[in-house]
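Read through the structure below, which is laid out as structure tokens, and then see the notes.
The values are calculated or read from the model by the stated rules, or taken from the named source; none is laboratory data. Note that the coordinates shown come from a computational prediction; the quantities given were computed from them, not determined experimentally. Here the Cβ positions follow ideal geometry from the backbone for every residue, glycine too, while neighbour counts run over all protein chains shown.
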Amino acid sequence: MPAVAALGSIFTLSILGGVAISALYGAEYRVFGPDVNNPVISLEYIALILAFTAGVLLAARYLGGKFIKVLFLGITGFTIYFVLLPVLYAGFPVDAAVYAALGLAALLTLLLWKYPEWWVIDISGVLMSVGLCAILGISFGILPALLLLALLAVYDAIAVYRTKHMIALADTVMSESLPIMFVIPKRAGYSFLKKTKSLKEQIASGEEREALFMGLGDVIIPGALVVSAFNFLETSPAFFGVAGNLAVALVTLAGGVAGFCALMYFVLKGNPQAGLPLLNGGTIAAFLIGSFAVFGRIAINL
């Protein structure tokens, strides 16, 4: 179906975009400093995710949706500026790059506040996904990235199928039209602004949803391993004329796409699905296969 193809294209092109621009981000953009091969940074990142998720759910309950919206839009605007700046530096003078990044970030933030239609949310999502794939990819060496994907796959399954707090978070995101997901209409004329039921109400009623939804994390997390493989593996030996690091990165991405296809098979049945078990599982398996094919071993060192 066209909506699945569009979402798959966003998934693939966002990760490829992260690979393409990752060289533009210097060491100062690494989230946890210079020690990219320390497995502990994966645990630190998961702790941050848990704390942030808990904070959002508590704030939604006690402070209300408007507070959450202002918080997320502030984070979104800063993130868009942060990820655009190195890219614009590559083609413009410093002052022009700063003003352009500020202007684009301000424009998208204003649109997200005043007119959060699905295409505005998706444009913002693509920009953040490309940049954050690159930033996380250069922040995690191969071993920490593998550990991160494995642990987050388990966490996502628990959060969706057991505690169900991820569904509550998604419901909050949808009700306030927050830009941390992709929205792909299934039919022409769809308007995200005119939705009448919450996600929980749609699930409870069993009705077919009019759009496909995918969180940005479902792109960024598997994309981090792809970018990490490209940045931290050796370029030789070549594999069928392709540099070793790029070959493994592309095979790893192919595994993520396979996981995406499996995920869409279940999503189209109408039930909420944990994305990361399938997406990360396919990405990890493909990395292992690609690493063995190119290097004859699991290449986890710089």
Residue pairs meeting the criteria (Cβ under 6 Å; at least 6 apart or on separate chains; first at negative phi and surrounded by 14 or more Cβ atoms within 10 Å (Cβ to Cβ), in region 31-44; second in a loop (DSSP other than H, G, I, E, B) and not acidic (Asp, Glu)): 36/141; 37/141; 41/32
Which one of 10, 80 is at negative phi, in contact (Cβ under 8 Å) with a residue 60 or more places away in the chain and touching a helix residue (DSSP H, G or I) at 6+ places or on another chain (Cβ under 9 Å)? 10
Could you list all residues from region 90-107 that are surrounded by 10 or more Cβ atoms within 10 Å (Cβ to Cβ), without any contact (Cβ under 8 Å) to a residue 24 or more places away in the chain and either in a helix (DSSP H, G or I) or on the phi > 0 side of the Ramachandran plot (or both)? 94, 96, 97, 98, 99, 100, 101, 102, 103, 107
If I go through region 239-262 residue by residue, how many of them are free of Cβ contacts under 8 Å to residues at least 40 places away in the same chain and over 16 Å from residue 226 (Cβ atoms)? 3
Return the residues of region 216-247 that are out of contact with any helix residue (DSSP H, G or I) (no Cβ under 7 Å at 6 or more places or on another chain) and either closer than 19 Å to residue 151 by Cα or of a type in the set (A, V, I, L, M, F, W, C) (or both); say none if nothing qualifies. 217, 240, 242, 243
Could you tell me whether region 174-192 includes any residue that is part of a helix (DSSP H, G or I) and at pLDDT 80 or above? yes
Consider region 236-273. How many of its residues are of a type in the set (S, T, N, Q), modelled with pLDDT of 95 or more and out of contact with any Phe, Trp or Tyr (no Cβ under 8 Å at 6 or more places or on another chain)? 0
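On the given criteria, is residue 299 surrounded by 20 or more Cβ atoms within 10 Å (Cβ to Cβ) and outside any helix (DSSP H, G or I)? Give the derivation first.
Working: surrounded by 20 or more Cβ atoms within 10 Å (Cβ to Cβ): yes; outside any helix (DSSP H, G or I): yes.
Spelling it out, residue 299 is indeed surrounded by 20 or more Cβ atoms within 10 Å (Cβ to Cβ) and outside any helix (DSSP H, G or I).
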Can you say whether residue 275 is of a type outside the set (Lys, Arg), closer than 24 Å to residue 39 by Cα and in contact with a Ser or Thr (Cβ under 7 Å, 6 or more places away or on another chain), as far as the supplied structure shows? no
Of all residues in region 108-137 being over 17 Å from residue 74 (Cβ atoms) and surrounded by fewer than 19 Cβ atoms within 10 Å (Cβ to Cβ), which is nearest to the chain's Cα centre (by Cα)? 126
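Return the residue satisfying two criteria in turn: it lies in region 1-45 and is assigned to a helix (DSSP H, G or I) and hydroxyl-bearing (Ser, Thr, Tyr), and of such residues it is farthest from residue 229 (Cα to Cα).
The initial filter retains those residues of region 1-45 that are assigned to a helix (DSSP H, G or I), namely 2-24, 27-29, 40-45.
Now narrow it down to the ones that are hydroxyl-bearing (Ser, Thr, Tyr): 9, 12, 14, 22, 29, 42, 45.
On the way: 9: 21, 12: 16, 14: 16, 22: 11, 29: 17, 42: 16, 45: 19 Å.
The qualifying residue farthest from residue 229 (Cα to Cα) is 9.
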Cβ-Cβ under 9 Å, sequence separation 6+ or interchain: first residue in region 219-238 and free of Cβ contacts under 8 Å to residues at least 24 places away in the same chain, partner in a helix (DSSP H, G or I) and surrounded by 24 or more Cβ atoms within 10 Å (Cβ to Cβ). Which pairs? 238/247; 238/294
Restricting to region 110-130, and then to whatever is among the aromatic types (Phe, Trp, Tyr) and in a helix (DSSP H, G or I), can you tell me which residue is farthest from residue 8 (Cα to Cα)? 113
